[in-house]
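Comments concern the structure below.
The values are calculated or read from the model by the stated rules, or taken from the named source; none is laboratory data. What you see is a predicted model; the values in this text were computed from it and never measured. Because the Cβ atoms are built from the backbone with ideal geometry, glycine has one as well, and the counts that use them run over all protein chains shown. The accessibility values were calculated without ligands, DNA or RNA, using every heavy atom of the protein model including side chains. Shrake-Rupley method; radii C 1.70, N 1.55, O 1.52, S 1.80 Å.
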Amino acid sequence: MKKIIYLLAGCLFILSCNDEAYDDTNEDPNNSTPNFLPSGSSDYWIYDVENSSEDVSEMNFTATDSIYVDSGDETSFMLGANNNGIASGTMNILLTNGTISKTPTTLVFDGNIDVPQNLLDLGFTQDLSIENMTLLDLNASNNQELFVQEANFSESIDIMETTVPVEVTTKISTKKVNFYSSQTVNGINYDDVFEAEFVLNIGINGIFSVAGFTQTVAILEAQDVMNITYFYVNTIGLVRAETVQRINISSQLTALLDFLNMPLDFPTNISIEGVEELRDYATE
């Protein structure tokens, strides 16, 4: 069970807003051919990555992500990370795990959020696939929803050395937050900044047998376990991503385990924050 919580605390790895004051203009760029994610064969981006958590010490780290165009053309391509390795930042993990398509006004992602090995060991076999997820749309209004995808599946996992059937519901969404004709991000003033948000919502119900009776108990009540606020800049690409991951274990589960004299030995509420900040880049 502890594996599950720490795993979900990583939010299936793939995912805070800072205190900068942003204006609330809604102007789109005047450039007739904007390019919010260059895709030349030699383009690259270097990010400083920092994760912090008071609840899970293993999630405190700093790292550097080297992101580059791995394959494709000007309109459909894949990004790579760290010399064919795995990215450290949550947003970079997501973006390097699929294909990105673009038009002069949109960026669209097709791929999946991998199920990590620990969850596979516990019996999960489903990846969280994403189809046609709009990351950026210059024609959208502020706070307009860009994408919604809902799914559910059944699995069996190991809890306290007992196989428990579970029902999992997921909802993945993106929305435009704002567009800035000029804005300071990472201490640098940029023109044409697009701000948006990615949200992963997960609910997990387990079917338990207690004293000969079958009972459905929420393990995770449906909740936003990952929020990523991200910023794209014209002619540059992603310049910043701020991630908040939260897990609140259901009181139903803790009450059931207390009844069975199996109290939890880990936090029932977990919070993790992460930042990916562009340090250097080169685009054609």
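The ARG279 and THR105 beta-carbon pair, evaluated with R₀ = 25 Å, returns a calculated FRET efficiency of approximately 0.35.
Normalised Debye scattering of the stretch 227-276 at q = 0.21, 0.24, 0.26, 0.30 Å⁻¹ gives log10 I(q)/I(0) of -0.76, -0.86, -0.92, -1.05, counting only Cα atoms as equal scatterers and leaving out solvent.
For the stretch 144-203, state which GluC sites (Glu not before Pro) are in a DSSP loop and have at most 16 other beta carbons lying within 10 Å of their beta carbon. Write out the running numbers ahead of the final one.
Numbers: sites: GLU145, GLU150, GLU155, GLU161, GLU167, GLU195, GLU197; in loops: GLU161.
Qualifying residues, ordered by number: GLU161.
Projecting label points 7 angstrom from Cα along Cα→Cβ for ALA211 and THR169 puts them 2.9 nm apart. Among the protein heavy atoms of the stretch 156-284, carbon and sulfur supply 46% of the accessible surface, probe 1.4 Å, non-protein parts ignored. Across the stretch 143-284 the C-alpha pair distances fall into 10 Å bins from zero in the proportions 10, 30, 25, 17, 12, 5, 1 percent. Computed over the stretch 53-212, the range of Cα coordinates on each principal axis works out to 64, 35, 34 Å, biggest value leading.
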